[in-house]
1. Just one of (1) 7, 28, 35, 21, 7, 1, 0; (2) 6, 23, 24, 19, 13, 9, 5, 1, 0, 0; (3) 7, 29, 32, 20, 10, 2, 0 is P(r) over Cα pairs in 10 Å bins from 0, in percent as worked out from the coordinates here. Which one is it?
2. Using only Cα atoms, tell me the angle between helix 226-240 and the longest principal axis of the chain; keep it within 0 to 90° and round to the nearest 10.
3. Calculate the FRET efficiency for Lys164 and Glu185 from the Cβ-Cβ distance with a Förster distance of 30 Å, rounded to the nearest 0.05.
4. If you take every DSSP beta bridge fully contained in the chain, what fraction is antiparallel? Give it as a percent rounded to 5.
5. Based on the alpha-carbon gyration tensor of segment 16-68 and its eigenvalue square roots a ≥ b ≥ c, which shape applies: rounded if a/c is under 1.5, prolate if not and a/b is larger than b/c, or oblate?
6. Given a cut-off of 24 Å, name the pairs among Lys215/Lys246; Lys102/Lys258; Lys102/Lys246 whose C-alpha atoms lie farther apart than that in the structure shown.
7. Report the trypsin sites (Lys or Arg not before Pro) located in segment 193-248 that are in a DSSP loop and have at most 12 other Cβ atoms inside 10 Å of their Cβ, or state none.
8. Quick one: helix 192-204 against the long Cα principal axis of the chain, what's the angle to the nearest 10°, folded into 0 to 90?
Amino acid sequence: MEGGMTASTNVLCERRDRIALVTFNRPEKLNALDGATRRRFLEVMDELRGDSTIRVVVVTGAGPKAFVAGADIGEFEGRTPIDQFRAMKAPTIFECIDAFPKPVIAMLNGFALGGGCELALACDIRIASDRARLGQPEINLGIIPGGGGTQRLPRLVGYGTAAKLLFSGEIIGAEEALRIGLVDEVVPGDGLEERVMALAGAIAEKSPVTLQLMKEALRASVRTSLDDGLRQETTLFGMAFSSEDKVEGVAAFLGKRKPDFKGR
């Protein structure tokens, strides 16, 4: 992935300085997640994980209609329980995003349903177009979410609100998603990419070391007790003092200049 755009049948990865824009590229299927797409996405994210020049990842969908409209339902027909168990065996794309050490922003340009909503839930930040629509309609197929919807959704929006969405299969608009805390910001559709890239660019200027420590601390906040989380924060705070970026950050502050973080 030496600069520019890296393409496969299912996924695009475009480098924009310190930002990687990863695009699900099946617009004719509303970017539905089939097996090949999932595998390619894992490959791309594995490459980006080890690339020190990339500090922030933005995930979106190709075309004007969908972020990811869910799983490719055609693959469900005739699938046995053991087939599905193998398909969902770790690492899944949801676990990959959740455990990714760098900030991941979901740029929700359209439908984010089922697995698409779960994919957005696994990201750190969700910015939505005012045309986006979100939901977990699995119940309409006689199944339940399998990518974290029953676990991450209530942690974001609360048990009752999550239960209402999950039990009814309701699909909601961007403004309602913002009201309940499912997305973090809503912008006009024609300004979505500009806003997301501005945010990603601002984050990419920060210390990569500190961003990784910050993400680890944030993850602890929704996985542990308050006491355990505070202990984790204290440990990570101490670790930050061992980095060259901390030295640079303090020196830049005292020298009244912009820091030049190297990720060390």
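Derivation of every value follows stated rules applied to the coordinates shown; laboratory data play no part. All values reported here derive from a predicted model rather than from experimental measurement. Quick reminder, even Gly has a Cβ in these numbers, built from the backbone with ideal geometry, and neighbours come from all protein chains shown.
1. The value matching this structure is (1).
2. Between helix and principal axis, roughly 50 degrees.
3. Working: r = 23 Å, r/R0 = 0.75.
After rounding to 0.05, the efficiency reads 0.85.
4. Numbers: 12 of 34 bridges.
Counting DSSP beta bridges with both partners in the chain, the antiparallel share is about 35 percent.
5. Details: a/c = 3.89, a/b = 1.61, b/c = 2.41.
Oblate, because a/c is 1.5 or more while a/b does not exceed b/c.
6. Details: Lys215/Lys246 17 Å; Lys102/Lys258 22 Å; Lys102/Lys246 18 Å.
Cα-Cα > 24 Å for no pair; all within.
7. Filter output for segment 193-248: Arg223.
8. 40 degrees
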